[in-house]
Amino acid sequence: MVRAKRLVALMVALALVTPGFAAAPDPDRAAIEAREAAIFPTAIREVRSASGVVAGTASPIAVEAGARVLREGGTAADAAITTALAQATTMLGANVSPAGVLQLVYYEARTKKVHALDAGWGTWRGERSPATIPATDLSIVTGGAATVAAGAQGRKTLVPGFMAGIEAMHRRFGRLPMQRLFAPAIWYADHGVPVSGLLTAYFQLGTAQLLKTAEGRRFALPDGTNLPKLGARYRQPELAALYRAVAANGAREMYRGAWARHYVEAVRRAGGAATMADLHAYAPRWGEPLRLAYDGATVAGPDAHNISGCAALEALNLIGHVRGKGDADAFRSTALALRVAMFSHWGSAAATFEKAAGIGGNCLARVGQAYGVAASAAMETMLGGSADPAPEGHHSASVVVVDRWGNIAALVHSSNTPIWGDSGMVVDGVPIPAPAGTYRHSLVNLAPGARVPSDMAPVIVLESGKPLFAVATIGSSVVPETVRLVAALRGSDSLTNIVGAPPLLLNYEDQTPPMLAREEYVPAGRYPPALLDVVRASGLRIREIDVQRTLTLRGTAAVVVIGRDRRSAEVPGVLAFAAAE
């Protein structure tokens, strides 16, 4: 019996110490970590493969970890899981977290079917007054003055879905054991993540919030006195222990195990309404993807409950029915279509139009051809006097994977929180997101215990049933950039030109109606002045913003194009990376 136990222990150890992530020195690791330290790609390049490709945001370490899983025979789901876990680890939970959420759109080559998985936030059944939840400080995103909202910080928390979503993906589409998929994240949690310039900036921006609690201080000041130094290794032993437990025992460790109990205790100490029953009741949802017929193709996104997915597909529907005469007309119609899709439905003008036209009223109707024809001709009317809700945070990471069999995973995961949140809460090494303070305008319309509508919008585009490309966008401008990429990828320009083209930016700083009068933000110096002059002459207000503000507002995407081979691209200034099987 003792020998049997030792054999089992040895097998587990061997499963965790996998090729490329063993404790022994890896000759490739230094090069990958050097790429991570550079923050952005240092050269323009396309990555091509006849078998598999991984594209991901923020972390070349994570992207390479996913590519190695493909090389070992893993599926697109396996590689996406590995990449997402490694992203959460290398980002130190700052903008993505094992206590966050995820959204997946998955093409299964065997059945030729697209699936949508929603592992978004759940609410606490004991929270009865969401309108009074303290607001989350979004000054890092908006560029405005920092705000400190009084009140119980535990009320800003929600039920996380990330790890339950990871497990659901693996059960349906995974092939390799979970221990293998967790191995890179565990290695870096144990041995330390190299502190890059990006992480150094995160600590400078987010430490004041972490210092609010004893747990946060231990996280921010690992030696008890100083912030982590550039080039040092930041170790996360508690996170490694949690990952090992989940890899061995499943996601229940975060919904029924020790971490779950500690999370509930911490939230309740901070004035929140968390219960173990709320965590026990959580389950991710498989749903039917929302589909749009666009330019001879089919765009498949998350289900119809997804706010950003609905907005992106509606905007494409409107754009597809506008008959412009040139670049300036295309710019203007795209700007108006995005405003209609993202903001007009919060006001009365669009509702009045839909009632008069007898078309609309929900997401499914707004992606139909009849709505596209009617609404594209009435966009200015629909933008006449609407008011929009408070801005939402989209501080996320994304990954797109195509494997050797043709399966495709487009995944976005997020904490929906500015860097480490503003509550200072950390539970067993995991910084706790504070999304409820951002989603109050949605929570007031939900019954206690209901699910929050997701707002991450990965998409897969197909033609005659065959996948053409997949896009998984993050950032404040997730909807505009998804729309830009889908529209551009249907054209003939090169992939590197498309990825590196000027982004479309979301302006949520000007909250004054009507929406038609809102300024359109563009990155300074990226559009021809003559084009902007024509757009201004058409009545659209334009403001050019600097590089720093553009980086804060832009959307960044993982993109893979599928044809005779699989292709992704890296471009300096765009925080996305790629690797081949």
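Sorted on the mean count of surrounding Cβ atoms within 10 Å across their residues, most packed first, peptides 523-529, 317-323 read 317-323, 523-529. Backbone amide hydrogens, once placed in the peptide plane, bring Leu176 within less than 5 Å of Thr75, excluding anything fewer than 5 places away on its chain.
Computed 3J(HN,Hα) for segment 531-538, one whole-Hz value per residue from the Karplus formula 6.51 cos²θ - 1.76 cosθ + 1.60 where θ = phi - 60°, is 5, 5, 4, 5, 5, 4, 5, 7, glycine and proline marked x. Ranked from largest to smallest solvent-accessible area, with a 1.4 Å probe on the protein heavy atoms, Arg543, Arg339 come out as Arg543, Arg339. Under 5 Å between amide hydrogens, built in the peptide plane, is the criterion, and for Val427 it picks out Ile432 among residues at least 5 positions away or on other chains. Is the shape of segment 267-379 best called rounded, prolate or oblate, per the rule: a/c under 1.5 gives rounded, else a/b larger than b/c gives prolate, else oblate, with a ≥ b ≥ c the square roots of the Cα gyration tensor eigenvalues? Taking the square roots of the gyration eigenvalues as a ≥ b ≥ c, segment 267-379 is prolate. Under 5 Å from the amide H of Ser49 lie the amide H atoms of Arg566, each residue being 5 or more positions distant or on a separate chain, with H modelled from the backbone and absent for Pro and chain starts. Each 20 Å bin, from zero up to the one with the longest distance, holds this percent of the alpha carbon pairs of the chain: 22, 57, 20, 1, 0. Once both labels are positioned 7 Å from their Cα atoms along Cα-to-Cβ, the gap between Lys112 and Asp510 label points is 4.8 nm.
In terms of the mean number of neighbouring beta-carbon atoms within 10 Å, the peptides 561-570, 277-286 order highest first as 561-570, 277-286. With θ taken as phi - 60° and the Karplus curve 6.51 cos²θ - 1.76 cosθ + 1.60 applied, the whole-hertz 3J(HN,Hα) list for segment 321-334 is 10, 8, 9, x, 10, x, 4, 5, 4, 5, 4, 5, 5, 5 Hz, x standing for glycine and proline. Accessible area of Arg261 (1.4 Å probe, protein heavy atoms only, ligands and nucleic acids ignored): about 110 Å². Please work out whether segment 303-435 counts as rounded, prolate or oblate from its C-alpha gyration tensor, where a ≥ b ≥ c are the square roots of the eigenvalues and a/c under 1.5 means rounded, while otherwise a/b larger than b/c means prolate and anything else oblate? Prolate. Most tightly packed first, judged by the mean number of other beta-carbon atoms within 10 Å of their residues, the peptides 448-456, 300-308, 431-439 read 431-439, 300-308, 448-456. Seen against the Cα atoms of the chain and their longest principal axis, helix 348-357 is set at about 70 degrees.
Backbone geometry of segment 159-167 corresponds, through the Karplus equation with coefficients 6.51, -1.76 and 1.60 at θ = phi - 60°, to 3J(HN,Hα) couplings of 7, x, x, 4, 5, 5, x, 4, 5 Hz, x marking Gly and Pro.
The values are calculated or read from the model by the stated rules, or taken from the named source; none is laboratory data. These numbers were taken from a predicted model, which means no experiment stands behind them. Ideal geometry is used to build each Cβ from the backbone, glycine not excepted, and the neighbour counts take in all protein chains shown. Side chains are part of the model used for accessible areas, which takes the heavy atoms of the whole protein and leaves out ligands, DNA and RNA. Shrake-Rupley method; radii C 1.70, N 1.55, O 1.52, S 1.80 Å.
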